[in-house]
Structure formats: structure tokens, C-alpha cells
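Below is one structure, written out as C-alpha cells, with a few remarks after it.
The values are calculated or read from the model by the stated rules, or taken from the named source; none is laboratory data. Just so you know, these numbers come straight off a predicted model, no measurement behind them. We place every Cβ from the backbone using ideal geometry, glycine too, and count neighbours over all the protein chains shown. Surface areas here come from the heavy atoms of the whole protein model, side chains and all, with no ligands, DNA or RNA. Shrake-Rupley method; radii C 1.70, N 1.55, O 1.52, S 1.80 Å.
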Amino acid sequence: MFWFRHLLLHFWFLGCLYSAIQAWRVDMPRHIKGLLGSCLVIPCSFDYYLYPPKRADRVVWYQYVSRGYPLVYDKWYPNNVISMYRGRTNVYTSKSEKTCTLKIERVNWNDHRQKLYPWVDPENVGRSTYAFYETTVTIEVVEQPEPPQIMIFGERKVGNSVTVQCSAKHTCSTRPPTLSLNIAMTDKVVTNTDLSDGTSKTTLKGTLVLESDRQFIECTAQHPGGKAARTSETLTAQCSIFPPSISSISTEYLEGVPSQVTCEASYTCSKDAPEITWNYANMPVTTNIKTSGSLQKSVSTLTFTASAKDDGKDLISSAKFPGRQTLEKSMTIRVKRNMLNLDWSFTTPGSVTGMKGSCVIIPCKFSYSKAQPGGLQVVWYLYQSNGRADVFNQKQSNILSRYKGITHLTGSVSDSNCSLKIDRLDMSHNEDKLYPWVDINPITSYHSQGHSFLDKSTKIMVSDHAQEPQMSIIDVPRVGDQSRVTCKVQHTCSSAPPVLSLNGIPGTDRTIDSLLSDGIWERTIERTWNVEEDHKKVECTVTYKGGQSAKSELLLDVECPFETIKMVEPPGELTEGVAKSVICSVSYKCKTNTPRIEWNFSDMLYLQKHKQISSNMYTMESNLTFIGSLEDNGKPLTCTAHFAAGETSNSSLLEIKEYVPVEEELNEKDTFRVQVADVPVRFSALTRSCVVIPCSFQDDEDQPLTRGIWYKKTGGMVYHNARSNVLDHFKDRTKILGNLNEGDCSLEIDDIKPFDNGPFCFYGEKGAKKYRFHNSCVFIVMKASPEKPVMSSVPAQVDAGSTVTVSCSVSHSCSSHPPTFSWSVPSINNEVSDTAISRGVWKTTSTITFVVAGGDGLRNLNCTATFWRGRNQTRTFNLIVEGTMKYQMQKSIPVVIPVIILVLIIFAVLGIFFYRKRPSRVTEVDLKKLQFSHHYFQDAQTTRLTSESVIKVVFCDKQVNKQRYPSPKNNQRRPAPPTPEDFNLYGNI
């Protein structure tokens, strides 16, 4: 049974180990993308239910390598952090929260494919408690951010408001991208959300009023570090049409008297403008179109003359929409007739409406069929079912009490005018029905004939609620221009009209009173003002004599105009590689309308300057340092100013000529001794990088040069071993790399500027003697963009798990600082070589061998060449990966291993049960088989194992987990945690 006891010991130890591992947990993404030049926040948290740390806020991050523990972040030992992360990392920790989040600033290509992991309280939490290095995160550096996503919510109908949402995913939660939309929105809100996969999402949300059936929407996400991504969508909206409406000044038409009736048909898209017709086609009609915001109206006005036979008929208006149905609206015609069989008749409206406390005029006209008799008097009565009461008579006797002293005639009887004015309307007058009497005979004689005035009376409607005034803009409000806004209201009291006032914008007012029809007046206030950027809305208040008031508000959609962008100084004729300053300037109004100026050439430096030139006028100027090549000849150089509501561009065709060197003239009278040097007459260099200008000379004298000097042909020293003699522009940027004693005078210029073309010339000194050289001047042709890498051929289709070798090379002229390479795949080996292409021009090649990762489908293989001082170029090759049987088996391992562990645990539980049924003892063989326990679970001073100690091991005594790493003392560095290779639990079994 020895073998069975031995097996039980192994199973039991495996169960103990599994239990110890599960006592801790670290949660963070296994893979995360970082944007080049931005920051990267790796979310991390931990938890435990056994063996708590002494310092939960002590978190150290490491780089995962095969040997050693390179520090990525350590607050206690910042100087020990490896150079590639020193000064770029920070960890967010807390004593109360179990967090270990890492932040990396300024992500670069060196971070690509790096595997990192945290360690909590490494001085006190050992690897036997938790193997932190088994939970890693792999960084993938990407050159371009993901494009943002546009989502639109709401009913897509013209005139409706929809919610536009733009979201951008990123991994820099502390400095999220700035989102902007090319459309004007209200109620803008920006939110930031942490996602479950470790990334973050920034969302810009706002309300958009749909003004047309097609609208182009573009969202831009500007990330830290200068990278930007855009996405666009064409928003299509449904056009709406609305049933027509009929309106008339009066509800009754006087027989034989023309009156205007209006039909309005509203729609949201101009293509849906309807044709409006009337069922009285023989009468005059005029048509016009009005616009109110996103709503358009076709207005048809019918001049309608009623006859007696029209009473009770329908007046019908039909609106025929193109490609749609025909909608109709009708109203019943009521005709006022000359109803009395007398020598005279009168006309009055069926009703009039007035405000409480104000006045009202009942318009009245009378006529006689024969000659009008003299001495006529006008009397007004209140219609009652059981008689009449005097409302007005010239004697002012027996007047109804509620009308006493407030009624009088406004016209002259000789002019056939019988209009009645009622002052100070009261609610007691509401719905009273009044009628006039204009006859030489008293009304009693008429009534004796049995006639009634009910259908000829005028009903008085008294309102205690003021209607909102109507507001409109006459001229489009543009900043810097004058505009006009009007506010109008109808009333029935010309002697005491309502008071209108405007607030919200300064200006001058003009009040206009006009008679719309008998008894109905309109008061209009018109304000003229100079439009400014901060004018948002205007408010109109109407106040009546009785104290009633109402308000209306009109939002001012102020336009911010801009001028056409101008290229102040077109580039003209240029020389290849010679920098030229080109300026584009645009003037605009509104500070909030500040544009973004872009050029169509990348990798070139430009500066933008914003300036205010008046109270509401601004300019934006962009100064581009343009460096052209012969390939650019004939291409346009374009600058574009992007505004919130449009853009403007300007272009100039490039004329670029080849550089022609000019030989240096040597004056024979100079005290210089002339020698011959070998310097290229022209040489290429990448701006902001470095250049090594090859230079050599032959000296037939035994005495070597004591000093080599480089100078600018136009004056001033570029290099001199006495720093004070060098031009300030070149100080600390130049040095001679070669050995003058060997005839090598090669010059390095670091951080080369766009205008460092030269020509630069070399001369030497031997003591007091000066030596000039033929062929010693070089002209530097600048390049704005680095060379693009060239990648060797790779099979279009590869198998997962197969080994592939590929090379990537790039040429350059900075041999002292050759480019470095980074790949999008982890390599087995990487060999870098340099080869001279021509004198001073080198080719650097990176050759890697990598194993194709699993997963079928299209994969990108990226090679990035990073030139000195950070400029880079990337070459991408597409691979089609096909899964192999080996890969499928490897993929199944994560599923199989947990099943095996579960089976082993079941065997271990069964073993415990049988083991406890009988006594056992630990043999010497067992002690030998458990020597590995001595290495991992005993103190360093213990030299042998006892039966008791083995029992402690077998039964997972808690003393096992008391292994810790001591804190540093006497300024000594802490002992490094064990490596993954050292942690082989089963190697000695």
C-alpha cells in the first residue's frame, strides 16, 4: 500500500496548493490597446479571503520576462524602474479600496507587446500565497484610434428634435478624448463610462432639430497626443405634411361685400409644396409661401363675395401635395342679409371680442333706399326675450345701469355711421347681444309689426385672458449686421391700445397701429438692433388697460459669418528640400466660431495664432513651414478652415525646381593653403532627426590638422571646438564624428531644423596655418516625412502555429542614431543589421522570426520604423491565418486542465477518507520524496525534516503560508521575488 499512500500525499498536496492559489485574485484585462502618443490606464483590482497584506496600498508593477523582475513602477524605489518606463508610470492605490490600476504616459512603440503584472505588498506577500506573475496584461500599441460611433434616437421627421450621440472608446480614462460634431446642437452633455473590458467610453449627447430631409453628420474624436479619428453618417428624415386650415377675420360675411378668406397648408420639405384650390373657383385668389423655422406654409387668400344663396353652404379649400394625397378643409358660410322690409338697413358683425377693462367698438353702417331723412337719431338696445333695454341714446335717459356712462357713438350719422363704442368692459357685459335702431319712427312701431332683431344683433365677448403676442424676425440676424424683430397683437380699442415692450436685446423701437377690419386693430412694435454674439433670445410683453398681460419668447439663431480664407503669401517657385513659410489667414465673427485650419500635407510643422481685431471680429492665422520635393511639383497646396457651420479653402499650385549646386570660389590672394576634400554637394536629411554629412580629405603633409571647423557659407561657424565661437542656433547640436588624423571630417547635426539647408563648408587649421579645401561644401535637402519601411515578401496564407521569417528595412542618413524597429507580433529572435547603400546613406534592416498566433482570418503584420527623435513610419502586410490541428489541440488545453484538476481533487477527497480509516506513519522514503517541501515551506535555517514537519506539510498547516520577503534594511535592496521558472512544484517528485 506504499504506492497508494504516496499517491494520497500527492493528491492532498495538490489540493492544498489549489486552495492557497485561490485565496487571492487579481482582476484586470489580459489584453489592452494603447494609442500611440496618448496615455494608457490599465484598470486593476485585487481581493483575498486569506493571508491579507500588511500594506494594501503598496503595489509594484513588473515587466514579465523569462529572467529577473524589471520594475515598471515602484513608489519606494523610483530610480530602479527600467529606463523605458521611468517617469512615465503611476499607480492608483488606496488603503480602503483594493485597487492596483496602472497609468502609462506617452505610449510609444516600445510598449508594444509588453507583458506587465502587479504585485501587492511584495515585501510581505510571497509567491506561495499568490503567483502574481501568472496574471499579466499584454499591451498592443495602435497608431490610429478607433473611429467614434454615431447613434441617433428619436422620430426622424423634419421639424422634430432627435438626440444625436457620438461615442469614442479609449484606454486613457484620466484624459478622455474631446468630441465635436459639425452640427449645431442644444443641451449638450458629455459623459465618461468605464466598460467591463477595461476600456472607457466618452459620449457626447445633444439635441438636434431636423431642418431638412438629408443632413450630413460628422463626429471628430481628438485624443491626447494629437491623434484624431472621424466618422460620418447621412441622416435622412421623413418629410411631414399637415392638414390645411381656413381662417377669416369674421365668421359672418356681408351680402355683396368682398372679404378675405385664407387657407394655410403646412409642410416640412419644400419638395412637398402643395397646390391649393377653392370650390369657388371664379373668385380672385393670391398665393405665397411663408417660412417659420423648419416649417413652411403655402398660403392661399380668396377674395370671397357672398350672396344670399350662399348662406349655409360650405367653403372648401383643397391642398394637393405632390405624390401624396389631397387634403381638404371646409367651413360653413354665414351670410348677413339686408333683412328688414323698411326703407333702411344696417350691417353689424355677429360678434365682437374685447378685453376686460378695455374698450370695444361695434362697427355699424346703415343705408336708406330713398333719400335719408333729416334729424335721424341712433339708439342701441340690448336684445332680451321679453323686451329691450336701452344701451345708448342721445338723451342718455333710461340707460341700462351696467352701460350707463360708458357708451357713445364714434361716427357721424350724416356719414351713415352708427358704430358704438363701449368703454371699460366688464364681465357683466359678456354675451350681451346689442342691435341699433336708425329710423324716424320709434322702435315700438317696428315691433308692433312682429319683427325680431335677434339674427341682426352683435354678441359681445369679454375676455379676461390676454393672448400671447406674435413675434417674428424680419432680417436674418448675423453678428455685426443690423436686424429687425417685430411683435404684434390685435385689439379692439384704438383709443387705449395695449402696451408692447421688448426685452433681451438693445435697440430702437418703432410702433405701428393699423386697422385690420371694422373694429379690429393691430399694434406692432418693431425693434432694430445691432446683432452680437451673445444675443440669444428676445421677449415681448403685452399689457392691456385692464391689467392683463402675456409674454412670448423668440429664440435668436444668430449666424456667425466668416470670410474666404486667404493665402497671404503663396509659396511661388520653390527649391526642393528648402523650407518656405506659407501663411493662410481667415477672418470671422464670434469667438465661439473659432475655426480649425488644416493643410493637405502632413508631417510638416505649422503654428496657429488667434487674434481679435475688433469687438466682434477675429482672425485665425496658420503659418506652415513647407518643405517640398520634386514629386510635389504641380500638386496643390491647400489650406482649409473648418467652422462649426461650414468650411472655406484656398489653394496654390506648387512649382518646385531641382537644387543646382554653386561651386565655391576660392580667392588666390587668401592666406589659406588649398587642399582637396570629398564632401557630397547635396545630401538629404529628415527634419527633427539628425544627419551625418560624410567628409574626408587627403593631406600630403606629415603634420596633422589640429582643428576642423565647419561654417555656414553665408557667415557664422556651425562647428568649432571652442563652443563660444559657434552660432547660437547650432550650439550643442553639431560635432565632428571622424578622426581628423585619419582624414575623416564627417559632421553630425542633431535635431536638424527645417531651415538648416546651408550650404555648410569645411576648413582646417594646423597651428596658425589655415587650410581651405576644394569640394568641401554641402547643401542639405530637407525631407518632411521619413522613409516608409520596405517589408520582404511574406506568404499570403500561413498556418496557425507555423514559424515565419520576415525582414523590414528603411534607408536613412543618420548613421550615429539609426532607426529602431517594432513589430506587431512577438518574435522568437530579432536581428538588426546596417548596410551602406551609398556614401553617407544607410539601410537598417530588422529580421524577425515569429510564430503565427492562432485564430483563423485576416491578420495585420505591422513593422514600424522609429527614427531618431521619435518620427516613425509603419508598413502593414495582411496575412490570412488558417487554424491547424496542433492549434486546435492547444486551444482545448484551457478547457481540459480544469477538468483534470477537478478529477484530482475528487481523488484527493477519497484518499483522505481512506487514509483516516487506518493509522499511518511517515517513512524515510517519504521524507526523501518530499525534499522539495524543504525548499519552499521551511525557514532558511532548517537543515532537515522531521516527521512532525512533514505532517504539517501534508495537512496544509497555516505555517506554510507564513513565508514572506523581509523589508529592506540598512538601505539594502529587497530580495527579488522568485522567477516563474524557479516555481516548479513537481520537479523533484
Reported set for the stretch 136-169 where residues are of a type in the set (Gly, Ala, Ser) and not in a loop (DSSP other than H, G, I, E, B) is Ser161, Ser167, Ala168
Considering only residues that are assigned to a strand (DSSP E or B) and either open to solvent by 90 Å² or more (accessible area, probe 1.4 Å) or not hydroxyl-bearing (Ser, Thr, Tyr) (or both), which ones fall in the stretch 642-663? His642, Phe643, Gly646, Glu647, Asn650, Leu653, Glu655, Ile656, Lys657
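Among strands (runs of 3 or more DSSP E) lying entirely in the stretch 194-313, which contain 3 or more residues that are without any contact (Cβ under 8 Å) to a residue 40 or more places away in the chain and polar (S, T, N, Q)?
Per the criteria, 285-292, 295-305.
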Which of the residues that make up the stretch 199-221 are under 17 Å from Leu40 (Cβ atoms) and either of a type in the set (Ser, Thr, Tyr) or out of contact with any His (no Cβ under 9 Å at 6 or more places or on another chain) (or both)? Thr199, Ser200, Thr202
Looking for whichever is at pLDDT below 90, under 20 Å from Ser689 (Cα atoms) and not hydroxyl-bearing (Ser, Thr, Tyr) here; the options are Phe773, Phe779, Phe821. Which one fits? Phe779
Picking from Val542, Val499, the residue that is modelled with pLDDT of 90 or more, among the aliphatic types (A, V, I, L, M) and within 44 Å of the chain's Cα centre (by Cα) would be Val542
Lys188: passes all of (1) more than 30 Å from Tyr48 (Cβ to Cβ); (2) assigned to a loop (DSSP other than H, G, I, E, B); (3) open to solvent by 20 Å² or more (accessible area, probe 1.4 Å) but (2)
Scan the stretch 605-641 for residues that are open to solvent by 80 Å² or more (accessible area, probe 1.4 Å), assigned to a strand (DSSP E or B) and either of a type in the set (Lys, Arg) or in contact (Cβ under 8 Å) with a residue 60 or more places away in the chain (or both) and report the count. 2
In the stretch 559-579, what residues are of a type in the set (D, E, K, R) and under 28 Å from the mean Cα position of the chain (by Cα)? Glu559, Glu563, Lys566
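Tyr435 - would you say it is crowded, with 20+ Cβ neighbours inside 10 Å and in contact with a helix residue (DSSP H, G or I) (Cβ under 6 Å, 6 or more places away or on another chain)?
Here the answer is yes, as Tyr435 does meet what is asked.
Yes or no, residue by residue, for (1) open to solvent by 10 Å² or more (accessible area, probe 1.4 Å); (2) among the hydroxyl-bearing types (Ser, Thr, Tyr); (3) under 19 Å from Arg67 (Cα atoms):
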| site | (1), (2), (3) |
| --- | --- |
| Lys115 | yes, no, yes |
| Pro122 | no, no, yes |
| Gly126 | no, no, yes |
| Glu140 | yes, no, no |
| Pro145 | yes, no, no |
Output the residues belonging to the stretch 788-805 that are touching a Ser or Thr at 6+ places or on another chain (Cβ under 6 Å) and under 16 Å from Lys843 (Cα atoms). Val790, Ser792
Among the residues of the stretch 386-393, are any assigned to a loop (DSSP other than H, G, I, E, B), open to solvent by 40 Å² or more (accessible area, probe 1.4 Å) and either modelled with pLDDT of 90 or more or more than 30 Å from Glu539 (Cβ to Cβ) (or both)? yes
So Trp842 ticks every box in (1) free of Cβ contacts under 8 Å to residues at least 60 places away in the same chain; (2) open to solvent by less than 50 Å² (accessible area, probe 1.4 Å); (3) touching a His at 6+ places or on another chain (Cβ under 8 Å); (4) among the hydrophobic types (A, V, I, L, M, F, W, C) but one. Which box is left unticked? (2)
Answer with yes or no whether Val91 is free of Cβ contacts under 8 Å to residues at least 12 places away in the same chain, over 30 Å from Thr163 (Cβ atoms) and open to solvent by less than 20 Å² (accessible area, probe 1.4 Å). no
Only residues in the stretch 592-604 that are farther than 29 Å from Pro561 by Cβ and in contact (Cβ under 8 Å) with a residue 12 or more places away in the chain count as the first member; pair them with residues that are of a type in the set (S, T, N, Q) and assigned to a loop (DSSP other than H, G, I, E, B), Cβ under 6 angstrom, at least 6 apart or cross-chain, and list the lot. Asp603/Ser785
Considering only the stretch 782-790, I want to know if a residue exists there that is open to solvent by less than 20 Å² (accessible area, probe 1.4 Å), out of contact with any Gly (no Cβ under 6 Å at 6 or more places or on another chain) and of a type in the set (S, T, N, Q). no
Filter the stretch 442-474 down to residues that are of a type outside the set (A, V, I, L, M), part of a loop (DSSP other than H, G, I, E, B) and modelled with pLDDT of 80 or more and give me whichever is surrounded by the most Cβ atoms within 10 Å (Cβ to Cβ). Pro469
Considering the stretch 604-655, residues that are out of contact with any Lys or Arg (no Cβ under 9 Å at 6 or more places or on another chain) and within 15 Å of Glu576 (Cβ to Cβ), and then whichever is modelled with the highest pLDDT, we arrive at Leu637
